[in-house]
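Novice: The structure that follows is given in the form of structure tokens.
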Amino acid sequence: MVRIAQLGAGRMGSVHGRNAAANARLDLAWLVDPHPANAAALAAETGATLTSFEAVLADPEVKGVIVASSTDAHLDNTLACLAAGKAVFCEKPLDLALERLLQHEAALKDAPLFVAFNRRFDPHFSALADKVRSGAIGQLETLHLINHDPAAPPAHFVPTSGGLFKDFTIHDFDVAAWLVDEPFSEIFAFASCLVDPMIGELGDVDTARVVLRTASGKLVMISNTRRSGCGYDQRIEAFGSKGMALADNPLPSTVQRWTEAGAGADPLYPAFMSRYAGAYAAEMDHFADILEGKAVPAAGYAASVAALELAEAAARSAASGAPVKL
């Protein structure tokens, strides 16, 4: 087993901590959180011991660190861990400012750094990616990404989130770059506040449509909303020269109920933690592969820069009402 530590015991820290503790190849020895009382339950559940960040950095037996701290601490925590010779699993985003990432390129570019863009590890999306890359639908021409939350986040989340494009659409920007085999040359975004007026009062938007175009003309359409009205709606449609590939919404079960009133089925998953539970576990397994020298990070510094560049360009486009050249 490889000895690791984790920073952060909040919402995503709880997900990653449980997955690390359940992974037979990892030994989650240490847990760090600025509020130890709040982290005590996760420590007890996973068998980790609460300690300080300094103790983690100084422990030569710790080979890897999961960075699930607050978003504004991700980059500084990651840099400190890398400088101490630890491999890093960092919850997305690596940072909210493209300029800061570029400033630290030398320390991050070739580092043992995995940034957890979880949708690459979803089995449904991964199978679609295999179909696209195998040529099963011919040459990919257009892509449609649907990413709809079931409900808006609490108002206190908005000011520190980075905004819709950096917090939410950034997943779609990463998926688009993952599936399309050439860089994007132009982006256009429309955005509105249709779900919660408070989000608009706080300076953000909650509904957006984004179009990306490559130099050869390939197109990606991204659909975002903070309120679907029907659950956590996550779909991909890939259209090629010989057909299409579709990754539809998985349901908790395939059971259908038929009555005189018609057909009924399970609702969509209610939130991202249940919908992507398998992807989060697969991410942790990938980190174990990295620590054992069996894999290189599937997404790291370059993926973070690419997604954040698109997020910042989308915000400029939405503000100006004009396309932005990349």
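The values are calculated or read from the model by the stated rules, or taken from the named source; none is laboratory data. Predicted model, so just to flag it, every value in this text is computed and none were measured. Don't worry about glycine lacking a Cβ; one is built from the backbone with ideal geometry, like all the others, and counts go over all protein chains shown. Ligands, DNA and RNA are stripped out before the accessible areas are found, and what is left, the full protein with its side chains, is counted by its heavy atoms. Shrake-Rupley method; radii C 1.70, N 1.55, O 1.52, S 1.80 Å.
Novice: Report the rotationally averaged projected area of region 73-196 based on its alpha-carbon convex hull, in square nanometres.
Specialist: On the way: hull surface 40.1 nm².
Result: a mean projected hull area of 10.0 nm².
Novice: Further, regarding this structure: Give, to the nearest whole percent, the P(r) tail of region 29-104 beyond 16 angstrom, counting all Cα pairs. Could the numbers behind the result be given before it?
Specialist: Numbers: 1470 of 2850 pairs.
Percentage above 16 Å: 52.
Novice: To the nearest 10 Å², what's Ile170's accessible area with a 1.4 Å probe?
Specialist: Counting only protein heavy atoms, the figure is 0 Å².
Novice: What accessible surface, in Å², does a 1.4 Å probe find on Arg3, ignoring ligands, DNA and RNA and rounding to the nearest 10?
Specialist: Near enough 70 Å² of accessible area.
Novice: Using the basic label-point model (7 angstrom from Cα toward the beta carbon), what is the Ala151 to Glu237 distance in nanometres?
Specialist: So the two model labels end up 2.9 nm from each other.
Novice: Considering only protein heavy atoms, what is the solvent-accessible area of His35 at a probe of 1.4 Å, reported in Å² to the nearest 10?
Specialist: 110
Novice: Can you give the accessible area per residue of the chain, in Å², using a 1.4 Å probe?
Specialist: It amounts to 44 Å² per residue over the chain.
Novice: Under 12 Å between alpha carbons, and skipping anything fewer than 8 positions from Lys294 in its own chain: which aspartates and glutamates qualify?
Specialist: Asp285
Novice: Still on this structure: Nearest 0.05, what FRET efficiency do Ala107 and Asp289 give at R0 = 25 Å with Cβ-Cβ as r?
Specialist: Details: r = 23 Å, r/R0 = 0.91.
In this case the efficiency is close to 0.65.
Novice: A further question on this structure: How big is the dipole moment of region 197-243 about its Cα centre under a simple scheme where the beta carbon of each Lys and Arg is +1, that of each Asp and Glu is -1, and everything else is neutral? Debye, nearest 20, please.
Specialist: Dipole size: approximately 340 debye.
Novice: Where does helix 123-134 land angle-wise versus the long Cα axis of the chain, in degrees 0 to 90, nearest 10?
Specialist: That works out to roughly 60 degrees.
Novice: With a 1.4 Å probe and all protein chains kept in place, how do Lys242, Lys294 rank by accessible area, largest first?
Specialist: Largest to smallest exposure gives the sequence Lys242, Lys294.
Novice: Would you list which lysines come within 22 Å of Lys325, measuring only between C-alpha atoms, while excluding same-chain residues fewer than 8 positions from it?
Specialist: Lys166, Lys218
Novice: Just going by the charge dipole of region 279-319, with Lys and Arg at +1 and Asp and Glu at -1 on Cβ, which of Ala298, Ala279, Ala314 is farthest out on the positive end?
Specialist: Comparing the listed Cα positions along the dipole, Ala314 ranks first.
Novice: Could you please tell me the mean projected area of the C-alpha convex hull for the chain, averaged over all directions and given in square nanometres to one decimal? Kindly include the intermediate steps, with their values, before the conclusion.
Specialist: Details: hull surface 74.8 nm².
It is 18.7 nm².
Novice: Determine how many Å³ per residue the convex hull of the Cα atoms of region 205-288 encloses. Walk me through the numbers before you get to the answer.
Specialist: Numbers: hull volume 16.4 nm³, N = 84.
Here the figure is 195 Å³ per residue.
Novice: Over all pairs of distinct alpha carbons, what does the Kirkwood formula give as the hydrodynamic radius of region 152-221, in Å?
Specialist: Hydrodynamic radius (Kirkwood, Cα pairs) of region 152-221 is 13.2 Å.
Novice: Something else: I'd like the orientation of helix 36-46 relative to the chain: the angle between its Cα long axis and the longest Cα principal axis, in ° from 0 to 90, rounded to 10.
Specialist: Roughly 80 degrees between the two axes.
Novice: Of the beta bridges DSSP finds with both residues in the chain, what % are antiparallel, to the nearest 5?
Specialist: Looking only at bridges with both residues in the chain, the antiparallel portion is about 55 percent.
Novice: To the nearest 20 Debye, how big is the dipole of the chain about its Cα centre, given +1 on the beta carbon of each Lys and Arg and -1 on that of each Asp and Glu?
Specialist: Charge dipole of the chain: 540 debye, to the nearest 20.
Novice: What base-10 log of the normalised intensity I(q)/I(0) is obtained for region 1-132 from the Debye formula, alpha carbons as equal point scatterers, at q = 0.10, 0.11 Å⁻¹?
Specialist: Relative scattering, expressed as log10 I(q)/I(0), comes to -0.33, -0.39.
Novice: Give the angle, between 0 and 90 degrees and rounded to the nearest 10, that separates the Cα long axis of helix 301-320 from the longest principal axis of the Cα atoms of the chain.
Specialist: 50
Novice: Starting from the 7 Å offset along Cα-to-Cβ, what nm value, one decimal, do you get for the label separation of Lys325 and Thr254?
Specialist: Between Lys325 and Thr254, the simple spin-label model gives 5.1 nm.
Novice: Related question: What relative contact order, as a whole-number percentage, does the chain give when Cα pairs under 8 Å and 6 or more residues apart are counted?
Specialist: After rounding, I find 20 percent.
Novice: On the protein heavy atoms, probe 1.4 angstrom, tell me the percent of accessible surface of region 214-326 carried by carbon and sulfur.
Specialist: Here it works out to 57 percent.
Novice: Next question. Kindly give the semi-axes, whole Å and largest first, of the ellipsoid equivalent to region 1-47, taking each as the square root of 5 times a Cα gyration tensor eigenvalue.
Specialist: Semi-axes (√(5λ), whole Å): 17, 10, 9.
Novice: Continuing with this model, one more query. Positive end of the dipole of region 96-191, charges at C-beta (+1 Lys, Arg; -1 Asp, Glu), about the Cα centre: which of Thr142, Val158, Phe184 has its Cα farthest in that direction?
Specialist: Val158
Novice: Another question, then. Using just the Cα positions, wrap region 100-158 in a convex hull and report its mean projected area in square nanometres, one decimal place.
Specialist: Result: a mean projected hull area of 7.6 nm².
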